[in-house]
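Take a look at the structure set out below.
Bear in mind these aren't lab numbers, they're just calculated from the coordinates by the rules spelled out. Remember, predicted model here, so these are calculated numbers, not experimental data. Quick reminder, even Gly has a Cβ in these numbers, built from the backbone with ideal geometry, and neighbours come from all protein chains shown.
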Amino acid sequence: MTISSTTLRRMIVVSLILCWEILPRFHVIPELFLPSLSSTLLAGWTDAGEYGHALMVTLYEVAVSMVFACGGGIIAGAVVGSLPRPRVLIMPMVSSLYAVPLVILYPVFTVWLGIGSESKIAFASIYGFLPTMLATAAGIQTIDPQLLIAARSMGATLTQRVTRVIIPAAIPTVLSGLRVGGALVIVGVVVSEMLISSAGIGYLISRYRTILDSAHVFAGVLLVLVLAVAFNAIIRFVERRAAIWQTGTHAGADAAGGDAPAILPATA
Amino acid sequence: MQPLANVTRLQPASRAGSIQIKNVGQVFKTSTQSVEALSDVSLDVKPGKFVVLVGPSGCGKSTLLMMLAGLRKQTSGTILINGAPIVAPDPDRIGVVFQEPSLFPWLTAEENVEFPLTLRGVDKAERRRKAQEALLLVGLDGFAKRHPHELSGGMKQRVSIARGLVQDPPVLLMDEPFAALDEQTRMTMGDELLRIWAATGKTVVFVTHSLTEAVYLADEVVVMSARPGRIVDHLTVTLPRPRTYEMLSGDAFGAMRDRIWRHIRKSA
């Protein structure tokens, strides 16, 4: 009997969840290190109001940072990707900046913008901006120039080449940039909340950790996990809608052997 | 022959499609040197003729084709199509088929064929009707909703030909359209192209590296020399139409292929 990879994946997730419940319950792992799933959920449920409020704060910060990081990243990436001069000026700088742990900037942002949402948004925006910009620039640079020549031969104006060729051709790469950039935005928001903050899920996790309330810490962790998984699901949904043509290598291989029947209606 | 009944609508009303190339030259300038790619090329093509350009690699035959397509400006001389100069791509007069099918992977076969019509704002019903006709002409009427990755190499090139024909231009330019295909598909596509050409009465200018393909397809073969490209021979293929596979091994066929080969060997 063979098990499909989807089934196997589900089985792994289920057994992990079971382990989470059983191991602490039977004191294989102390509850301080890993509280059981039920006590984590219970802690979250008892203080649902607190977590709900924290989630709202975090979601707000994530949403605003996404707009800055992704919007800015796409626009900057489009400029850098399509014009050689900015590319020569900016790209080496951006590439070396990419290796810097940007979190060192965060204390500076709190001095400038305070410990409220603004400093988190500033940090997470910059954090997610770079990969989005790099992916967009790469996406535009890797467009098959032959497609643009073909469009010109059909009389496409410059505007038409941008809207009907460059933008649709860049979408898959841009989306993969959004996936990385968006994930980094979530990381940036939660991390900055954990460092210096007064609200948000990261703040709750950090605060409960200082009083060694593991159940509440893990309730926060679970919430971040859900947030990240939900984000990923949204991106995948968009990818599937926007880029069906990228995923179809199987169908392409099938059709490769099917040229003969295609000829029949013409020659019959 | 059901397809041909519809196909007749694609025939041009007048026998437009004449090409006059007068003393055309092309010099490529780099910062350090200038290279003469084409030198004093003159050629008259009568409407409805199938003309094949052959020559050694780098003889400028593709360059000449790009100039006919309005995608490149000649350094000297004039090019007239339908008696009027070519200054920019003009899909009303010229359809272009490239070596790579250059289909937009995010569009279906039908939408790809419609693309030139979409660019000029033709309404959807009209676009669909013309695309259907063109797809029927190339024998792909059952594949309208497929994306390029679901089609074989030969089928993609058929879509590309349909796209070149959809605006019913009197002239069809083809730049090594079958070079990327395997031998068998290439033979089939050659016969298909002759059938389409006979059905539409277009003037075809076809660039190829294959001498067999040149003689098999052409009314006239134009042989060019290595850089700077000049016309060294212009022969009329006297084989009757329709061309058949048996002619390939005939004496007349061999004599013509040898004559072309001697020119090419001399200049290579």
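List of remarks:
- Local net charge near B:P89, Cβ-Cβ under 13 Å (Lys/Arg +1, Asp/Glu -1): +4
- Spread of Cα-to-Cα distances over 10 Å intervals beginning at zero, given as percent, for chain B: 7, 30, 36, 21, 6, 0
- Largest GNM mean-square fluctuation across B:A179, B:A125, B:A109, computed for chain B with C-alpha springs under 10 Å, falls on B:A125.
- Applying the criteria of a DSSP loop state and at most 14 other Cβ atoms within 10 Å to the chymotrypsin sites (Phe, Trp or Tyr not before Pro) of the range B:175-221 yields no site.
- Annotation note: chymotrypsin sites (Phe, Trp or Tyr not before Pro) in the range A:1-65 located in DSSP loop regions with a Cβ neighbour count of at most 10 within 10 Å are A:F26, A:F33.
- Placed amide H near B:V97: partners under 5 Å, 5+ positions off or other chain: B:L173, B:M174, B:D175
- Percent of C-alpha pairs per 5 Å bin, the range A:18-125, short to long: 2, 10, 11, 12, 13, 11, 12, 10, 7, 5, 4, 2, 0
- Bins of 5 Å from zero: percent of alpha-carbon pairs in the range B:105-168: 4, 23, 35, 24, 11, 3
- Relative to its residue count, the protein assembly as shown spans a Cα convex hull of 217 Å³ per residue.
- Value in Å of the Kirkwood radius, where the range B:143-268 supplies the Cα pairs that are averaged: 15.9
- Each residue of the range B:34-50 was assigned a 3J(HN,Hα) from its phi angle through the Karplus curve 6.51 cos²θ - 1.76 cosθ + 1.60 (θ = phi - 60°); the sequence is 10, 10, 8, 8, 10, 10, 6, 8, 10, 7, 10, 10, 7, x, x, 7, 9 Hz, with glycine and proline shown as x.
- Per-residue ellipticity at 222 nm, computed for chain A from helices alone with -39500 (n - 2.57) per DSSP H run of at least four residues, works out to -25000 deg cm²/dmol.
- Anisotropy class of chain A from Cα gyration tensor, a/c 1.5 cut: oblate
- Amide proton proximity set for B:M224, modelled H, under 5 Å, gap of 5+: B:V54, B:G55, B:V232
- In order along the range A:133-144, phi translates into HN-Hα couplings of 5, 4, 5, 5, 4, 5, x, 6, 5, 8, 4, 4 Hz, rounded to whole numbers, per the Karplus curve 6.51 cos²θ - 1.76 cosθ + 1.60 with θ = phi - 60° and x for Gly and Pro.
- Isotropically averaged projected area of the range A:127-182, using the convex hull of Cα atoms (one quarter of hull area), nm²: 3.6
- Using the alpha-carbon positions of the range A:49-201, Rg (one decimal) and Dmax (whole number) come out as 18.2, 62 Å.
- Set of lysines near B:K49 by C-alpha distance (under 29 Å), chain-local residues within fewer than 8 positions excluded: B:K22, B:K61, B:K73, B:K130, B:K156, B:K202, B:K266
- For the range B:153-159, putting each phi into the Karplus relation 6.51 cos²θ - 1.76 cosθ + 1.60 with θ = phi - 60° gives couplings of x, x, 5, 4, 5, 4, 4 Hz, in residue order, rounded to whole numbers and with x for Gly and Pro.
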